[in-house]
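K.L.:
Pasting in a structure now, in structure tokens, and then I'll have a few things to ask.
The values are calculated or read from the model by the stated rules, or taken from the named source; none is laboratory data. Remember, it's a predicted structure, so these values are computed and weren't measured experimentally. FYI the Cβ positions are ideal-geometry reconstructions off the backbone, even for glycines, and counts take in every protein chain you see.
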Amino acid sequence: MRRYIRALMLCTVFAVFSSLYVYSRLFYSDVSVEGNGPKRVFIPPRVPGARRGAADKTGPRNPPWYNRYIMRQRGHVDAAQGRPEHVMHLAVVACGDRLEETRTMIKSAVLFSIKSLYLHIFAEDQLHATFMEAMESWPTFIRSRFNYRVYSISFPSEHAAEWKKLFKPCASQRLFLPLILKDIDSIMYVDSDILFLQPVDHLWAFLSHFNSSQLAAMAPEHEEPRIAWYNRFARHPFYGRTGINSGVMLMNMTRMRSTFFKNDMTSVGLRWEELLMPLLQKYKLNITWGDQDLLNIIFHYNPEFMLEFPCQWNYRPDHCIYGSNCASAEEEGIYILHGNRGVYHNNKQPAFRAIYEAIQKYSFGTDPVTSLLDPLQEELLKTTHTYCGKSHTLLTKRLAHSLVNINRKAPRGR
């Protein structure tokens, strides 16, 4: 009998110590430590009175590339609660000689925005100071419309060089926004060669059109299959009839982070962070347009996750270089201009370059009609020898409406 009592006591003592050990491991598992062990790092909220824009260089010196949390600002949404955000988030990536082009894109976004705008600017470190100086040099009534933060370019460390050189320098950064901006629910991504010709708010409003499955929105790569690229030359799967163009991209990043994506590599769905590198390894010898091709492959297998918006939201030289082939722009005008192929900086499409230079040269606080629209219309009349120049009324239809509205709200001489 005594043997049984002793055995029971030993088992009881062992159970107590085991419970204490398990409890201690659970308790300390969420604590950040130096060296080995889990590291959950975030950027603390900026203290009151700090500058509105700042380079993102706080926190530990060597945190994991993806572990950069952005604290919610006043008016942001709690993604879990699903309430609409009062602040619109816009992301852009700038590397190499894209600084001035990016600054002009931001200028067009800020000029026409109605609600508050938060800019997420990803740039090479040597460009940070110049970006911040440009933002801070704008008049007070303009700076009050937006907030911003400048980030370093950041890729998974094991394959950083491969991602950075994919297609154009840093272009594939957009693929990792859901993993970097973990505290942001939804965002608009645009290429640096984008110009807004009407309020950013109208693009942001597409998020409210998403059904329960959709998590991204883009425009088709082309409207006319006979002259489209993907259906004639692509050596990989692509979305829809003619593919999608990722120069303007809306993302519900909360859904992107939690969704399992069908693919042609495994029989089970993969999360976004699990999908990207295997996809690149499988198709890197078959893709031409880098990260845009990867997005086409992803949404080829998951078309139910995509909302396709009309071509006037991503109007490119392809839509007019062989004659007008964007029906929605002919009806309503052009909402967003995309100057790909370097047309803002060469003479191949002078109509596109004229719009870019008009916005670039415009001084905040001056009359936008007499200082921007009138000179632009004169320049566009000089471009009617080109197919795109013949569509000059489409290029200024929405812009003219937007500039008239600016006249009503922008103070002068400040």
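K.L.:
Which numbered condition trips up Glu308, out of (1) farther than 30 Å from His202 by Cβ; (2) out of contact with any helix residue (DSSP H, G or I) (no Cβ under 8 Å at 6 or more places or on another chain)?
P.N.:
Of (1) farther than 30 Å from His202 by Cβ; (2) out of contact with any helix residue (DSSP H, G or I) (no Cβ under 8 Å at 6 or more places or on another chain), only one is false for Glu308: (1).
K.L.:
Considering only the stretch 327-341, I want to know if a residue exists there that is farther than 30 Å from Lys390 by Cβ, free of Cβ contacts under 8 Å to residues at least 60 places away in the same chain and either within 25 Å of the chain's Cα centre (by Cα) or not assigned by TED's automatic domain parsing to the domain that holds Leu177 (or both). Steps first, answer last, please.
P.N.:
At the first step, the residues of the stretch 327-341 found to be farther than 30 Å from Lys390 by Cβ are none.
The answer is no; no qualifying residue exists.
K.L.:
Here's a follow-up. Go through (1) assigned to a loop (DSSP other than H, G, I, E, B); (2) surrounded by fewer than 17 Cβ atoms within 10 Å (Cβ to Cβ) and name the single condition Met277 misses.
P.N.:
That leaves (1) as the condition not met.
K.L.:
Would you confirm whether or not the stretch 379-394 contains a residue that is touching a Gly at 6+ places or on another chain (Cβ under 7 Å), free of Cβ contacts under 8 Å to residues at least 60 places away in the same chain and not in a loop (DSSP other than H, G, I, E, B)? Before the answer, list the steps.
P.N.:
Kept after step one, since they are touching a Gly at 6+ places or on another chain (Cβ under 7 Å), are these residues of the stretch 379-394: 380, 383, 387, 394.
Next, from what is left, pick out any that are free of Cβ contacts under 8 Å to residues at least 60 places away in the same chain: 380, 383.
Subset that is not in a loop (DSSP other than H, G, I, E, B): 380, 383.
So far as the stretch 379-394 goes, yes, one or more of its residues are touching a Gly at 6+ places or on another chain (Cβ under 7 Å), free of Cβ contacts under 8 Å to residues at least 60 places away in the same chain and not in a loop (DSSP other than H, G, I, E, B).
K.L.:
Something else: Any residue in the stretch 222-251 that is on the phi < 0 side of the Ramachandran plot and in contact (Cβ under 8 Å) with a residue 60 or more places away in the chain sitting within a Cβ distance under 7 Å of a residue that is assigned to a loop (DSSP other than H, G, I, E, B) and loosely packed, with under 14 Cβ neighbours inside 10 Å? List the pairs, counting only those 6 or more apart or interchain.
P.N.:
Sorted first by the residue in the stretch 222-251, then by its partner, the pairs are Ile227/Tyr322; His236/Asn286.
K.L.:
Further question: Given the residues Ile298, Ile355, Ile359, Ile334, which is the only one that is in contact with a Phe, Trp or Tyr (Cβ under 8 Å, 6 or more places away or on another chain) and either within 24 Å of Lys165 (Cβ to Cβ) or assigned to a helix (DSSP H, G or I) (or both)?
P.N.:
Being in contact with a Phe, Trp or Tyr (Cβ under 8 Å, 6 or more places away or on another chain) and either within 24 Å of Lys165 (Cβ to Cβ) or assigned to a helix (DSSP H, G or I) (or both) holds for just one of Ile298, Ile355, Ile359, Ile334, which is Ile298.
K.L.:
Another question, then. Mind checking which residues of the stretch 266-296 are among the hydrophobic types (A, V, I, L, M, F, W, C) and over 27 Å from Leu337 (Cβ atoms)?
P.N.:
Correct list: Val268, Leu270, Trp272, Leu275, Leu276, Met277, Leu279, Leu280, Leu285.
K.L.:
Next question, about the same structure. Of the residues in the stretch 207-220, how many are in a helix (DSSP H, G or I) and of a type in the set (A, V, I, L, M, F, W, C)?
P.N.:
1
Residues checked against (1) outside any helix (DSSP H, G or I); (2) crowded, with 16+ Cβ neighbours inside 10 Å; (3) acidic (Asp, Glu):
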site: His222; (1), (2), (3): yes, yes, no
site: Arg235; (1), (2), (3): yes, no, no
site: Val248; (1), (2), (3): yes, yes, no
site: Met256; (1), (2), (3): no, yes, no
site: Gln281; (1), (2), (3): no, no, no
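K.L.:
At negative phi and assigned by TED's automatic domain parsing to the domain that holds Leu197: is that true of Tyr301 in this structure?
P.N.:
Judged against the criteria, Tyr301 is a match.
K.L.:
Pull out all pairs, ordered by first then second residue, where Cβ-Cβ is under 9 Å, the residues are six or more apart or on different chains, the first lies in the stretch 154-169 and is closer than 13 Å to Lys284 by Cα and crowded, with 17+ Cβ neighbours inside 10 Å, and the second is modelled with pLDDT of 80 or more and aromatic (Phe, Trp, Tyr).
P.N.:
Between residues of the stretch 154-169 that are closer than 13 Å to Lys284 by Cα and crowded, with 17+ Cβ neighbours inside 10 Å and residues that are modelled with pLDDT of 80 or more and aromatic (Phe, Trp, Tyr), the close pairs are Trp163/Phe155; Trp163/Phe176.
K.L.:
Now a separate question. Does at least one position in the stretch 180-193 carry a residue that is within 17 Å of Ile106 (Cβ to Cβ), in contact (Cβ under 8 Å) with a residue 40 or more places away in the chain and surrounded by fewer than 22 Cβ atoms within 10 Å (Cβ to Cβ)?
P.N.:
No, the conditions are met nowhere in the stretch 180-193.
K.L.:
For the stretch 362-375, which residues satisfy the criterion of being in a helix (DSSP H, G or I) and either touching a residue at least 40 places away in the same chain (Cβ under 8 Å) or assigned by TED's automatic domain parsing to the domain that holds Leu197 (or both)?
P.N.:
Pro368
K.L.:
Return yes or no: is Ser172 within 19 Å of the chain's Cα centre (by Cα), assigned to a strand (DSSP E or B), buried (at least 20 other Cβ atoms within 10 Å of the Cβ) and touching a residue at least 40 places away in the same chain (Cβ under 8 Å)?
P.N.:
no
K.L.:
Here is a further query. Please indicate, with yes or no, whether at least one residue in the stretch 322-333 is surrounded by 19 or more Cβ atoms within 10 Å (Cβ to Cβ) and within 20 Å of Glu101 (Cβ to Cβ).
P.N.:
no
K.L.:
Could you identify the single residue in Tyr315, Tyr356 that is under 23 Å from the mean Cα position of the chain (by Cα), within 21 Å of Val200 (Cβ to Cβ) and surrounded by fewer than 24 Cβ atoms within 10 Å (Cβ to Cβ)?
P.N.:
Working: Tyr315 fails: surrounded by fewer than 24 Cβ atoms within 10 Å (Cβ to Cβ).
Only one candidate qualifies: Tyr356.
K.L.:
Would you point out which residue out of Tyr322, Tyr344 is more than 24 Å from the chain's Cα centre (by Cα) and of a type in the set (Phe, Trp, Tyr)?
P.N.:
Unique residue meeting the criteria: Tyr322.
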